[in-house]
Amino acid sequence: MQNAHNLGRMTHPSKRAVTAVIVVAAGSGERLGYGMPKAQVPLGGETILMHALRGVVASDVARQVCVAVPQGDTALRALIAEFTVDLVDGGPEISVVDGGSTRADSVRAALAALEDGTEFVLVHDAARALAPERVFERVAEALAAGAKAVIPTMPVVDTIKTVAGTDGADALIAPELVTGTAPREELRAVQTPQGFELATLLRAHEAAGLFDGKQAAAVTDDAMLVELLGVPVHAVRGASQSLKITTPLDLIIAEGLLEGPLGIRWVEG
Ligand code: CTP
Ligand code: MG
């Protein structure tokens, strides 16, 4: 690891092992409410997807980038084709696949399109459009150092409670009953890109293929599936600008980050 650091960006450790980045951009963006796929929504004069792709390419960790777009989409495919033409020599191969009806289906569609010989894969939400390159690098470095699964996380700032529905008797007072307070120092908010040894992630998604509808609906990230295999998952520090653009408020925050005094892609920590 020490040596790898000293070698610098041109011979990034993860580039010597063949690394791919999957960008999942096939969601519909219901909660953002823009009436178009979220990846297509404007942010700072561009689309959310273009910001996400520029972050991936700037990090220089990937030999291949595979983007999952909504089935039947033509607009995002056209944008990706334009982006690919503008890439300088030595940039990653960019491929596009049709996503599925859940995020996990979209990840599986992209996994099936990775080149032979891929050793590591980072799975990234297009919705985390402003994730700094340093986070991609931290994840790739942990994989190169031997981790089979790595996630970027942030400490939780709110106090987190667990709740249960009331049995009806207290419904007039409040609809939910607090059942406990989670120990905040042990909690982390999880972001993407999440990095994996490819063989491990393939195994995890294969196991998830046997889930019933309820179990499948409960899958919100890839690391969850790897945890179910009993494979250790390691956490590195994420970044607050990696926020997931989910609601209109998140879009306002992302616009604010781009327009702020520190400019595009200011890097924290
Ligand atoms: N995603 C995907 N395929 C799906 C669902 C989601 O590729 N079938 C991607 C989204 O494009 C996004 C990431 O997974 O980059 C995280 O999902 P989320 O933030 O929930 O995005 P959407 O599903 O588009 O939003 P919503 O749930 O509000 O409809
Ligand atoms: Mg969604």
Please determine whether any residue of the range 141-160 is farther than 27 Å from ASP105 by Cα and part of a strand (DSSP E or B). yes
Those residues of the range 180-190 which are part of a strand (DSSP E or B) and either at pLDDT below 95 or open to solvent by less than 90 Å² (accessible area, probe 1.4 Å) (or both), in sequence order: GLY180, THR181, ALA189, VAL190
Consider only pairs whose beta carbons are under 9 Å apart and that are at least six residues apart or on different chains; among these, list those whose first residue lies in the range 112-139 and is without any contact (Cβ under 8 Å) to a residue 40 or more places away in the chain and whose second residue is outside any loop (DSSP other than H, G, I, E, B) and surrounded by 19 or more Cβ atoms within 10 Å (Cβ to Cβ). ALA112/VAL97
Within the range 27-61, how many residues turn out to be more than 12 Å from ligand 1 (Cβ to nearest atom), assigned to a loop (DSSP other than H, G, I, E, B) and surrounded by fewer than 18 Cβ atoms within 10 Å (Cβ to Cβ)? 2
Going by the conditions given, is LEU122 aliphatic (A, V, I, L, M), more than 16 Å from ligand 1 (Cβ to nearest atom) and farther than 16 Å from ALA39 by Cα? no
Members of the range 62-94 found to be without any contact (Cβ under 8 Å) to a residue 40 or more places away in the chain and open to solvent by less than 10 Å² (accessible area, probe 1.4 Å), listed by number: ILE80
May I ask you to verify whether ALA164 is open to solvent by less than 50 Å² (accessible area, probe 1.4 Å), at negative phi and not in a strand (DSSP E or B)? no
Every residue in the range 191-212 that is part of a helix (DSSP H, G or I) and open to solvent by 60 Å² or more (accessible area, probe 1.4 Å), please. ALA199, LEU202, ARG203, GLU206
When every residue in the range 95-111 that is without any contact (Cβ under 8 Å) to a residue 40 or more places away in the chain and of a type in the set (Val, Ile, Thr) is compared, the one farthest from ligand 2 (Cβ to nearest atom) is VAL96
Output the qualifying pairs, or none if there are none: Cβ atoms under 6 angstrom, residues six or more apart or on different chains, first residue in the range 21-43 and without any contact (Cβ under 8 Å) to a residue 40 or more places away in the chain, second residue in a strand (DSSP E or B) and more than 6 Å from ligand 1 (Cβ to nearest atom). GLN40/THR47
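The values are calculated or read from the model by the stated rules, or taken from the named source; none is laboratory data. Small disclaimer: the values here were computed from a predicted structure and weren't measured. Neighbour counts are summed over all protein chains in view; Cβ atoms, including those assigned to glycine, are modelled from backbone coordinates with ideal geometry. Just the protein is used for accessible areas: all its heavy atoms, side chains included, with ligands, DNA and RNA removed. Shrake-Rupley method; radii C 1.70, N 1.55, O 1.52, S 1.80 Å.
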